[in-house]
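A short write-up of the structure that comes next.
The values are calculated or read from the model by the stated rules, or taken from the named source; none is laboratory data. Quantities reported herein were computed from a predicted structural model and do not represent experimental measurements. Reconstructed Cβ throughout: ideal geometry from the backbone, glycine too, with neighbour counts over all protein chains shown.
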């Protein structure tokens, strides 16, 4: 009988001492060399624009590896990664260490801002405009034009049908949709916004998902459609853009450009067509990077920006006179000038 | 592989061994409460291990007889993860919610003595873990869903102490075939759907679920048990996930069919 006590005791000891540590991936220490290798590998395997931007990531990694040593100052270590990630030229790529966030914002800092909120608020929207969720709107020039400013795709667009109905009721000649300085937000809002003005079901954009570690491992295209919702709108639409239009805003402009009654005016958007995901380095710093690609209906990638139909900058004299050059030109386009 | 499954089913359905005095017979409502310490490595969210505490509860119906024990059990867990040291509320980095089921049976397969038996059987088990990474945006929703068919083993030793029959059990479940659902390689919900999914077995997935129970007799044939659970799985698809869990439970068995 004793032997059964021994067996049970032995099994009990085995079971209680069962420890997943011997089975699990080794837990990496937060040394700089570990951080460097993890960051280098994850970008190499999952970042989606190495090919499109013709980036030789391996050579960037090789050039920076000698700069990394365990025990180095955290700020120096951060700066190495900052330089490496800067070469990706992607507003969706950030490393957040808490004390700093790496970024490359050249996509808009190197271009005219083409936007002055004070002029819009004081001389166009004025005091009595509607604020319907995230939509700021009113009619201009005695109800001749509808004007909507939408500053973030994180703000609600649930009142877009109300806005349309208001403009239909006022019998405006066309709508100016101003998305300048809209840095993006929820992609679903961009699709919903485009659906509100779609005349028929159309291909909005194509998306490609990274499916493997090689830089050209992508899924077959996934078609994202837009389809009419709510009251039909067939009057002219002018969309105002600048380089600070990014991410979901670029998707929105891409989808809207498919419609026959839309003109995009201003400057190319800032792009940002890859959906970003997050990843944590061994030292707890958060890395964000794009893992998908997107193209328009013609297969043109818009990671670096959506082309406008008509380029136009704010005119300095107009600004001095309190005029927004783009809004004034948009009125002309609606008038058929 | 199919022959292997047929062999298992054949063995389980043809054994006629009956366990004597080694099982608390009858129908029981089982209610468990306890806590787990979980350790997670998920290559889709980072290079670190996530460690944390969850509160856990189980509810089950068990039907025990001398030659068959079967049960249906549901489990619900909730807690949080920390990525460095032992978790505290102030530095939580992820919430974790999980649940599952276990529907299975065991039959006595080998008798060591009148008090000591080995039981074997099969189970359908499901494990559904949802983790919300608090500092993430698009990829904050992370999940591992598993549906398993596997083998059960139970070592059951009964002994007399303080004028009552006590029971010491070591239950183990090892899945043979699994249907899994995990985030996609590059993004959690490609095409706004669940990411990777498919059938797998030992080449990509293995799991060991071990439960040790010391069952104390109470009045009216009710029981109470102190349990230790250890669970580990490894799913090696495009984003590897490894999960280890240590749990302590207090379980009450309420006899339903008093004679």
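Given the criterion facing chain A (nearest Cβ under 9 Å) and in contact with a strand residue (DSSP E or B) (Cβ under 7 Å, 6 or more places away or on another chain), identify the matching residue among B:224, B:212.
Selected residue: B:212, the only one of B:224, B:212 that is facing chain A (nearest Cβ under 9 Å) and in contact with a strand residue (DSSP E or B) (Cβ under 7 Å, 6 or more places away or on another chain).
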task: Report yes if residue B:167 is assigned to a loop (DSSP other than H, G, I, E, B) and in contact with a strand residue (DSSP E or B) (Cβ under 8 Å, 6 or more places away or on another chain), otherwise no.
output: no
message: Condition check: on the phi < 0 side of the Ramachandran plot, away from chain A (no Cβ under 14 Å) and either crowded, with 18+ Cβ neighbours inside 10 Å or over 16 Å from the mean Cα position of the chain (by Cα) (or both). Does residue B:143 satisfy that?
response: yes
field: Residues located in region B:189-239, provided they are surrounded by fewer than 20 Cβ atoms within 10 Å (Cβ to Cβ) and in contact with a helix residue (DSSP H, G or I) (Cβ under 7 Å, 6 or more places away or on another chain)
entry: B:228
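Across region B:176-197, what is the total count of residues that are touching a strand residue (DSSP E or B) at 6+ places or on another chain (Cβ under 7 Å), farther than 21 Å from residue B:244 by Cβ, within 14 Å of chain A (Cβ to nearest Cβ) and touching a residue at least 12 places away in the same chain (Cβ under 8 Å)?
7
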- request: Look at residue B:173 and say whether it is outside any strand (DSSP E or B) and either within 9 Å of chain A (Cβ to nearest Cβ) or out of contact with any helix residue (DSSP H, G or I) (no Cβ under 7 Å at 6 or more places or on another chain) (or both).
  value: no
field: Pairs where the first residue, in region B:72-95, is more than 14 Å from chain A (Cβ to nearest Cβ) and the second is at pLDDT below 65, C-beta under 8 Å, 6+ apart
entry: B:80/B:87; B:80/B:89
- line: Exactly one of B:113, B:167 is buried (at least 17 other Cβ atoms within 10 Å of the Cβ) and either within 14 Å of chain A (Cβ to nearest Cβ) or closer than 19 Å to residue B:68 by Cα (or both), and that residue is B:167
task: Scan region A:154-210 for residues that are part of a loop (DSSP other than H, G, I, E, B) and within 14 Å of chain B (Cβ to nearest Cβ) and jot them down.
output: A:154, A:183, A:184, A:186
message: Looking at region B:31-70 only, could you name the residues that are buried (at least 19 other Cβ atoms within 10 Å of the Cβ), more than 14 Å from chain A (Cβ to nearest Cβ) and within 15 Å of the chain's Cα centre (by Cα)?
response: B:32, B:34, B:54, B:56, B:58, B:60
message: Here is a check on your reading of the model: is residue B:151 surrounded by fewer than 19 Cβ atoms within 10 Å (Cβ to Cβ), away from chain A (no Cβ under 12 Å) and part of a strand (DSSP E or B)?
response: yes
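Based on what the data block shows, is residue B:133 within 30 Å of residue A:188 (Cα to Cα) and in contact (Cβ under 8 Å) with a residue 24 or more places away in the chain? Spell out the reasoning first.
On the way: within 30 Å of residue A:188 (Cα to Cα): yes; in contact (Cβ under 8 Å) with a residue 24 or more places away in the chain: yes.
Yes, satisfied.
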query: Is it the case that some residue within region A:227-237 is in a loop (DSSP other than H, G, I, E, B), surrounded by 23 or more Cβ atoms within 10 Å (Cβ to Cβ) and either within 14 Å of chain B (Cβ to nearest Cβ) or in contact with a strand residue (DSSP E or B) (Cβ under 8 Å, 6 or more places away or on another chain) (or both)?
result: no
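I'd like the residue in region B:176-188 that is in contact with a helix residue (DSSP H, G or I) (Cβ under 8 Å, 6 or more places away or on another chain) and outside any strand (DSSP E or B) and, out of all such residues, is surrounded by the most Cβ atoms within 10 Å (Cβ to Cβ).
B:186
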- prompt: Filtering region A:175-198 down to residues that are at positive phi and touching a strand residue (DSSP E or B) at 6+ places or on another chain (Cβ under 6 Å), which residue is surrounded by the most Cβ atoms within 10 Å (Cβ to Cβ)?
  reply: A:184
task: Look at region A:266-318 and say how many of its residues are away from chain B (no Cβ under 13 Å), touching a helix residue (DSSP H, G or I) at 6+ places or on another chain (Cβ under 6 Å), surrounded by fewer than 24 Cβ atoms within 10 Å (Cβ to Cβ) and in contact (Cβ under 8 Å) with a residue 12 or more places away in the chain.
output: 4
- request: Please work out which one of (1) in contact with a helix residue (DSSP H, G or I) (Cβ under 8 Å, 6 or more places away or on another chain); (2) under 24 Å from residue A:309 (Cβ atoms); (3) not in a strand (DSSP E or B) is the condition residue A:260 fails and give its number.
  value: (1)
